[in-house]
Amino acid sequence: MEILSLLGNGFLVAFQPLNLALVILGCALGLFIGAMPGLGSVNGVAILLPMTFIVPPTGAIIFLAAIYYGAMYGGAISSIMLGIPGASTAVATTFDGRPLALQGLADRALITAAAASFIGGTISIVLFTGFAPPLAAVALAFGSAEEFALMILAFATFVGLGGDDIPKTLFSIFIGLVLSAVGLDIISGQPRLIFGDIPGFYHGINFLVLAIGIYGIGEILWTIESSGGDVNVSQATLTFRRLIEGFRGMKETIKGTLMGSFLGYFVGILPAAGATPGSLMAYGVAKTMSKDPDSFGKGNIEGVAAPEAANNAASTGSMLPMLTLGIPGSPTTAILLGGMVIWGLEPGPLLFVEHAEFVWGLIASLYIANLFSVLLNISFIPLFIWVLKLPFTILAPIIFILCVIGGYAPTQDLHDVWLMFIFGVVGYLMRKLDYPMAPAVLAIVLGPLAEPAMRQSLIISNGSPMIFFERPIAGSIMVVAIVLLLLPLFKVIKGALSKPASGSQA
Amino acid sequence: MRLAELVMAVVMAIFSVYLMWKSAELPIGWIPREGPGGGAWPFWLATGMLVCCIAIIVRWIRRTSPPSRSSEPYMDKTTIKLFVVGAGSLGVMIAAIHIIGVYFAVPLFLLFYMRYVGRHQWITTAALASATPIVSFLFFEIVLRITLPKGYSEPLFYPLYDFFF
């Protein structure tokens, strides 16, 4: 009951005219950003975060969360119409969405994607509302040792479940953490890593500089390269009758949608995992659960419903650890978390006590964002298809300009713009060699939180590192993290053991 | 691709060593009863970077990572051209901001990019190149009160300041 009254208060916050307007604007912008090939929620949130200093923090984060939400819906549009995923979170949607569009069933795929997103979103927000307060209550007992253990767990998730090249993933984490250490040493106050005695380094490297560099400039360079050829937009005719038919057809896909919603939500909660693995896993499970797995990849409507439900559910799920524990559940929430720190909202369990209005306002705004995203999505499908035809030579320079101004605004120092440019170019060159970039962005956000947590713990324990293992909660989190870190190693050993055996048989 | 993989790993290894050396300006050892010194955190992380680079180089020698096996070029001619034009014009624009300020660098950049790269019509190009600085001035300087860098073009804005503030 208490939760319901808190949620009611949240709705009062979310229904304030400014906040409501921001939700709707955020959803619309998110849909556009998601629909543009190459740009996803993380790019939109990183590039637009500096623009949100105009409104109060609650409004700003409601706006960014709405973009996150809208982008999950929008991603499906270019996946289906172009066969190019609108964002990495919508990769799984192309597998069956594109074949359906080529068969002339684009409208059916688009409606199913929107409806599945809505169901996934709704289920996950209800779960979120129920889970968040008890989790925050437990997290109130957390000290610096537990916080540090959780951050180790977030990095371990990348290594154990990320699926990228292990040394390159680790490298990306390390470089992000080192870059976050530039500036003044927080404990002794001494300057450190001031490269070439350039004064701009004294205020440290803001996470936005790296995030906009990689997700703005780097991403556009990447898209310029990959979209060099012509794109082919499918036709979609949408009438009211076909809309109703599309919704009737949802019955066939309800199993996959529900499975995707729950799976996506729980994958989303895992630190650092996010919506991309969530939707890919949902696609895989839907395929194995299906009576007719061979039809997947050739235009099975369930192959659209499951990943779309999952990516929306995961985006909500990934906000749970961000709000309750202060650990982002996805790259986008890592940037949101960094934004909250700038706005003076210290993420973590205390948020539920000290800024209850903000937390519940945000949760309530997710309900509203979910509703508006589906309405805007279905009513403006023709408009979004028009967006896909917008030439990239107009979009690219405008996004570059937004990046430059966005990189300048927080510190008002051109030094940061140059750094952002360098990060963008180097990030692009490294990404071409399969270096994952998300761990570095997560690391630069978590670095300034992880280092004090570690050093404070060590000061408390008189310098004994056993503090991370002796406290029950910290200890168990550390054990899980270590297992995740060693997971790839087990695979290597298993592979090495089975190789000679199979070799001798052959 | 194979050469690029090695070059990147070596460059990053050198960068790691530089970071380690730079971190060592502060105590990197263990201060008794307090824990690590101020430079220890970045020092050991940079060491971690170096270890990763060595691992990448080892995998390059053994040809276990996909880029070290790939015979495709890292960047073909078209890609190099797109990259140089894209990143280059952006770099020139940032440099120009120092001298002529945002409100002149931005339209020039749009003019170049849309006309030379995009081959858009003059009317589209001109509309966007003139609208963008006006919108950004109203949004940033007036609404957000963030002064964007103007370089030597600053005096031109005095009448506008008088008008709005």
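The values are calculated or read from the model by the stated rules, or taken from the named source; none is laboratory data. Computed from a predicted model, the values in this text were never measured in an experiment. Neighbour counts are summed over all protein chains in view; Cβ atoms, including those assigned to glycine, are modelled from backbone coordinates with ideal geometry. The accessibility values were calculated without ligands, DNA or RNA, using every heavy atom of the protein model including side chains. Shrake-Rupley method; radii C 1.70, N 1.55, O 1.52, S 1.80 Å.
Looking only at segment A:410-420, decide whether some residue is more than 9 Å from every other protein chain (Cβ to nearest Cβ), surrounded by 21 or more Cβ atoms within 10 Å (Cβ to Cβ) and acidic (D, E). Checking segment A:410-420: at least one residue is more than 9 Å from every other protein chain (Cβ to nearest Cβ), surrounded by 21 or more Cβ atoms within 10 Å (Cβ to Cβ) and acidic (D, E).
Could you please let me know if A:I405 is open to solvent by less than 20 Å² (accessible area, probe 1.4 Å), at pLDDT 85 or above and over 26 Å from B:M8 (Cβ atoms)? Quick ask: steps written out before the conclusion?
Numbers: open to solvent by less than 20 Å² (accessible area, probe 1.4 Å): yes; at pLDDT 85 or above: yes; over 26 Å from B:M8 (Cβ atoms): yes.
Against the criterion (open to solvent by less than 20 Å² (accessible area, probe 1.4 Å), at pLDDT 85 or above and over 26 Å from B:M8 (Cβ atoms)), A:I405 qualifies.
Of the helices (runs of 4 or more DSSP H) contained entirely in segment A:384-489, those carrying at least 1 residues that are out of contact with any Gly (no Cβ under 8 Å at 6 or more places or on another chain) and under 21 Å from A:P328 (Cα atoms) fall at A:438-460.
Scanning segment B:52-75 for residues that are farther than 17 Å from A:P167 by Cα and either open to solvent by 60 Å² or more (accessible area, probe 1.4 Å) or not small (G, A, S) (or both) turns up B:S71, B:E72, B:P73, B:Y74, B:M75.
Would segment A:301-315 turn up any residue that is at pLDDT 80 or above, open to solvent by 10 Å² or more (accessible area, probe 1.4 Å) and not polar (S, T, N, Q)? Steps first, please.
So in segment A:301-315, the residues at pLDDT 80 or above come out as A:301-315.
Then keep just the ones that are open to solvent by 10 Å² or more (accessible area, probe 1.4 Å); that gives A:301-302.
Restricting the remaining residues to those that are not polar (S, T, N, Q) gives A:301-302.
Scanning segment A:301-315, I find at least one residue that is at pLDDT 80 or above, open to solvent by 10 Å² or more (accessible area, probe 1.4 Å) and not polar (S, T, N, Q), so the answer is yes.
Scanning segment A:42-86 for residues that are open to solvent by 10 Å² or more (accessible area, probe 1.4 Å) and under 18 Å from A:L280 (Cα atoms) gives A:V42, A:G83, A:I84, A:P85.
Tell me yes or no: at least one residue of segment A:438-449 is surrounded by fewer than 22 Cβ atoms within 10 Å (Cβ to Cβ) and more than 19 Å from A:L208 (Cβ to Cβ). No, because not a single residue in segment A:438-449 is surrounded by fewer than 22 Cβ atoms within 10 Å (Cβ to Cβ) and more than 19 Å from A:L208 (Cβ to Cβ).
Just checking, does segment B:134-153 include any residue being facing chain A (nearest Cβ under 7 Å), farther than 19 Å from A:F400 by Cβ and modelled with pLDDT under 85? Scanning segment B:134-153 turns up at least one residue that is facing chain A (nearest Cβ under 7 Å), farther than 19 Å from A:F400 by Cβ and modelled with pLDDT under 85. Identify, by number, the condition in (1) farther than 19 Å from A:A396 by Cβ; (2) touching a helix residue (DSSP H, G or I) at 6+ places or on another chain (Cβ under 9 Å); (3) in a helix (DSSP H, G or I); (4) open to solvent by less than 70 Å² (accessible area, probe 1.4 Å) that B:T132 doesn't meet. Looking at each condition in turn, B:T132 falls short on (1).
Given the condition of a type outside the set (A, V, I, L, M), part of a helix (DSSP H, G or I) and either in contact with a Ser or Thr (Cβ under 7 Å, 6 or more places away or on another chain) or within 10 Å of chain A (Cβ to nearest Cβ) (or both), answer yes or no: does some residue in segment B:25-37 qualify? No - not one qualifying residue is present in segment B:25-37.
Selection of segment B:60-84 for residues being more than 7 Å from chain A (Cβ to nearest Cβ) and not hydrophobic (A, V, I, L, M, F, W, C) yields B:R62, B:R63, B:T64, B:S68, B:R69, B:S70, B:S71, B:E72, B:P73, B:D76, B:K77, B:K81. Could you grab me the full set of residues in segment A:145-175 that are farther than 20 Å from A:L489 by Cβ, more than 9 Å from every other protein chain (Cβ to nearest Cβ) and within 21 Å of the chain's Cα centre (by Cα)? Within segment A:145-175, A:E147, A:L150, A:M151 meet the criteria.
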